[in-house]
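Comments concern the structure below.
Here, each number is a calculation from the coordinates, and none is a lab measurement. Predicted model, so just to flag it, every value in this text is computed and none were measured. Cβ placement follows ideal geometry from the backbone for every residue including glycine, while neighbour counts extend to all protein chains displayed.
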Amino acid sequence: MSTATLPQIWSFGHPLDTSEDKFGILRDSSDAATDFAELRRRFDTDGYLYMKGYLDREQVLDARASLTDGLAEAGVLDENFPRIEGICKPGSGYVFKPELTNNNAKIQDLLYSGRLPEFYRKFYGEKIRHYDFTWLRAIGPGKGTNPHCDLPYMGRGTHGHMTCWLPYGDISFELGGLMVLEGSHKRMDLLENYVYRDVDSFCENKPDQVKNATSGAKGFGWTFSGTLSHNPPVLRNKFGGRWLTAEFEPGDFITFGMFLVHASLDNRTENRLRISSDARYQRASEPIDDRWIGVNPPGHTTAGKRGRIC
Ligand SMILES: O=C(O)CCC(=O)C(=O)O
Ligand SMILES: [Fe+2]
């Protein structure tokens, strides 16, 4: 497709060069939705599968309503607008609210029963399981997520698991959805010193790191943030390939592996929240990262930290 007619695209505060060799649209694999051998081939080649319209649109919108209700109750929404529109109060910023997915039957059903887990079961060709933790993001105007791979946040079990990112509503270029760096999963030469580090590990023999990691404050104690870069255009110049994204609709999802570099576009709207979730699926037969399972997963808190001698 021609990228000549695109609006200016922004990521992490940087305008992206949208010329055809640097930027493009995700390949839609919904044409192969029942051909799992073909999906596996595309996943190996591209590092992701973008399944447009694979899920039930109404079910996704219904799930959205449960989230905007939760966001309203959390005081994030501007009360002058219908909740479903997801209009935020000024200065909302990057709202990360995984608790909105707990005990939320609409979200649990959408993500963890029916069509989505069935997709992974067929894709892996065997029994699967998912993380109990669901990353729920409601991103207000401002910067999106900087470029990273997921492995540093969830690499203590298998490395063959997959992320599933899905939008709860239309996500235009202006509202800013996920983008992936084409071919980056094959650039182990550039990733090997980054991707196997664990954000929750610390050096037991370095007192400042021990203090940091065990201070008990949520979100603190990282000596390595897992970020690969703060500058998507510069990163692209290094890796080659194009930044790929799309305008997403309810019913779409994109899934990718632990080694694919991705980020998101900035939210350039005045007051609308971009609402999405990311969930993880893997073969049931493989080890799982225990930071993300259980009724109250430890995640990146003190309980998830692991000391080692450096
Ligand atoms: O939604 C975002 O901004 C980031 C999502 C992400 O990093 C992921 O799904 O792994
Ligand atoms: Fe990610």
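Overview of results
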| read-out | value |
| --- | --- |
| Residues T5, T68 arranged by fewest to most Cβ contacts within 10 Å | T5, T68 |
| 5 angstrom amide H check on F23, placed H, neighbours 5+ away | W243 |
| Residue-by-residue Karplus 3J(HN,Hα) for the range 6-15, coefficients 6.51, -1.76, 1.60, Hz, glycine and proline x | 6, x, 5, 10, 10, 9, 6, x, 10, x |
| Unmatched cysteines, the chain - criterion: no other Cβ of a Cys under 4.7 angstrom | C88, C149, C164 |
| Förster-model FRET efficiency, 51 Å R0, R115 and S215, C-beta, rounded to 0.05 | 0.75 |
| In order through the range 245-260: 3J(HN,Hα) via Karplus (6.51 cos²θ - 1.76 cosθ + 1.60), integer Hz, x for Gly, Pro | 8, 7, 9, 8, 10, x, x, 7, 8, 10, 10, 8, x, 6, 10, 8 |
| Potential lengthening between R57 and D170 on full extension [0.36 nm per residue; Cα-Cα distance subtracted] | 39.6 nm |
| Net charge of Cβ neighbours under 12 Å - reference L228; Lys, Arg +1; Asp, Glu -1 | +3 |
| Cut-off 19 Å (backbone N to label point 7 Å along Cα→Cβ of Y196), residues of the range 285-310 | 287-289, 306-310 |
| Candidates T134, T145, T214: whichever shows maximal mean-square fluctuation once the chain is modelled as a Gaussian network with Cα springs under 10 Å | T214 |
| Spatial separation of Cα centroids for the range 53-88 and the range 111-181, in angstrom | 19 |
| Cβ-derived FRET efficiency at R0 22 Å, E249 paired with N80, nearest 0.05 | 0.25 |
| Net charge, D17 excluded, C-beta distance under 15 Å - Lys, Arg +1, Asp, Glu -1 | +1 |
| For the range 201-214, 3J(HN,Hα) per residue [Karplus equation, 6.51 cos²θ - 1.76 cosθ + 1.60, θ = phi - 60°, Hz, x = Gly/Pro] | 9, 9, 8, 4, 9, 10, x, 5, 5, 5, 4, 4, 6, 10 |
| Loop-located GluC sites (Glu not before Pro) in the range 118-202, at most 14 other Cβ atoms within 10 Å (DSSP) | E126 |
| DSSP H segments from the chain that extend 18 Å or more along their own axis, Cα-based, with Kyte-Doolittle mean of -0.5 or above | 57-73 |
| Length-normalised contact order for the range 16-300 - Cα pairs under 8 Å, 6+ apart - percent | 33 |
| Cβ-Cβ FRET estimate between T227 and A284, R0 fixed at 35 Å, reported to 0.05 | 0.65 |
| Long-range amide H partners of W135 with built H, under 5 Å | D278 |
| Anchor K206: lysines whose Cα lies under 17 Å away (excluding residues fewer than 8 positions away in-chain) | K305 |
